Amino acid sequence: MVNILLKEKPFTREWFRTYALLIGGAFVLALGYSCFMAPYKIVPGGIYGITIVLQHKWGFPIGIAALCFNLPLSLLGLRVLGSGFGVKTFICFILVAVFSDSLPALLLTLMGEPIPTDPMVALDPFKLGDEVLLACIFGGVVMGVGVGMIMRTRASSGGTDVLSNILYKWTHRPLGQLQIMIDSCIVVFGFLMFQDWKVPMYSWLSIFLMGKTIDIILQGFNAEKSFFIISDKTEEIREYVLNDLHRGGSIVPIQGMYNRSEKEMIMTMVNRRQMVTLQQAIYKIDPNAFVTIFDAKQILGKGFKRLDAE
């Protein structure tokens, strides 16, 4: 039932929005691979990490080479993981491949620059020269934005995402651990092929930045706070939260560990601006209150984001 609800009806507003986000994400991801990673021999894990090595060593275009890896891998994923694997993933990795091989030449043409014909030379439209760290930082962020946009459509860019899911089904090891292991093996492969210690250093930095950017795209910059308040003046704090902050919450009966005395705990959510205000108010009402504050990546519901918010 849930899968049915998550599927967009064709040609509706939501359907167009999803596919616009998917195409945009594929474009941005390809920009990161082809214009920031490939020209500087940065190996950001995944299938494109392998294809960047193949381009510099044997002149294979990274998009076509990635397609040659992704197609059989995705067909295997379809067989092992079932039909839930998703048509959007097929569309996505094909778009990323097409954009990766066409974007650098298109940008050079728009800039009026000549296009090198040597297939061993990765096209470099931004010409950052020796600024490899700059390429690594911007590339990691750009790729993270692209992957985040794709993931918001409930799709994947294929590649090692599919491989890690297949291995998870066979080995039952943690999915994140499998992904890190696969990407690390590809980074080490890049080091062995290029024989340069800077390759794994820049590569792992770009992977880290990409992961952090994905988190921001999926979870946003919002840093709402969850307050858990234990106090002997529960009623006064409750009235302040309701009447002054105009926030709701819950009162949870609890039991003290030391003497098993019955107490009440207030659980409420506030935004970043209200956090300090509530802390100060609690201190004035009950300096002996016990307060635990958690970061809430997203809060969906009345007073915060809508449940259907992207």
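When peptides 26-34, 252-260, 61-69 are ranked by their average number of other Cβ atoms within 10 Å per residue, the highest-first order is 26-34, 61-69, 252-260.
Strictly over 26 Å apart at the Cα level, which of Lys169/Lys198; Lys88/Lys212; Lys41/Lys212; Lys225/Lys263 would you flag in this model? Walk me through the numbers on the way to the answer.
Numbers: Lys169/Lys198 35 Å; Lys88/Lys212 24 Å; Lys41/Lys212 22 Å; Lys225/Lys263 23 Å.
Cα-Cα > 26 Å for Lys169/Lys198; rest within.
The loop-placed trypsin sites (Lys or Arg not before Pro) in the range 74-172, going by DSSP, that have at most 16 neighbouring Cβ atoms within 10 Å of their Cβ come out as Lys127, Arg152, Arg154. Fully extending the segment from Met111 to Ile180 would add 21.1 nm, taking 0.36 nm per residue of separation and subtracting the current Cα-Cα distance. In a reduced charge model with +1 at each Lys and Arg Cβ and -1 at each Asp and Glu Cβ, the range 107-170 shows a dipole moment near 520 debye about its Cα centre.
Put a dot 7 Å past the Cα of Glu131, heading toward its Cβ, do the same for Leu218, and the two dots end up 3.1 nm apart.
Sort 277-284, 204-211 by the packing proxy (mean of other Cβ within 10 Å over each peptide's residues), most packed first. Walk me through the intermediate numbers first.
Numbers: 277-284: 15.2, 204-211: 20.4.
Going by the mean number of other Cβ atoms within 10 Å, highest first, we get 204-211, 277-284.
Taken about its Cα centre, the chain carries a charge dipole of about 660 debye when Lys and Arg each add +1 at the Cβ and Asp and Glu each add -1 at the Cβ.
With a 1.4 Å probe and every protein chain left in place, work out the accessible area per residue of the chain in Å², rounded to a whole number. Show your work: numbers first, answer last.
On the way: 17750 Å² over 310 residues.
Result: 57 Å² of accessible area for each residue.
Roll a 1.4 angstrom probe over the protein heavy atoms and tell me the percent of accessible area of the range 82-148 that is carbon or sulfur. Display every interim value, and only then the final one.
Working: 2380 of 3320 Å².
Percent of accessible area from carbon and sulfur atoms in the range 82-148: 71.
Share of carbon and sulfur in the accessible area of the range 20-70 stands at 77%, probe radius 1.4 Å. The value of relative contact order for the range 87-170, using C-alpha pairs under 8 Å at least six residues apart, is 43 percent. Candidate cross-link partners of Lys9 among the aspartates and glutamates, defined by an alpha-carbon separation under 19 Å and a same-chain spacing of 8 or more, comprise Asp308, Glu310. The listed residues Lys57, Lys198, once ranked by accessible area (1.4 Å probe) with the largest placed first, stand as Lys198, Lys57.
The values are calculated or read from the model by the stated rules, or taken from the named source; none is laboratory data. Bear in mind the structure is a predicted one, so any value in this text is a computation, not a measurement. Heads up, the Cβs are rebuilt from the backbone with ideal geometry, glycines too, and the neighbour counts pull from every protein chain shown. Each accessible area value is taken on the protein alone, full model and side chains, heavy atoms only, with ligands, DNA and RNA left out. Shrake-Rupley method; radii C 1.70, N 1.55, O 1.52, S 1.80 Å.
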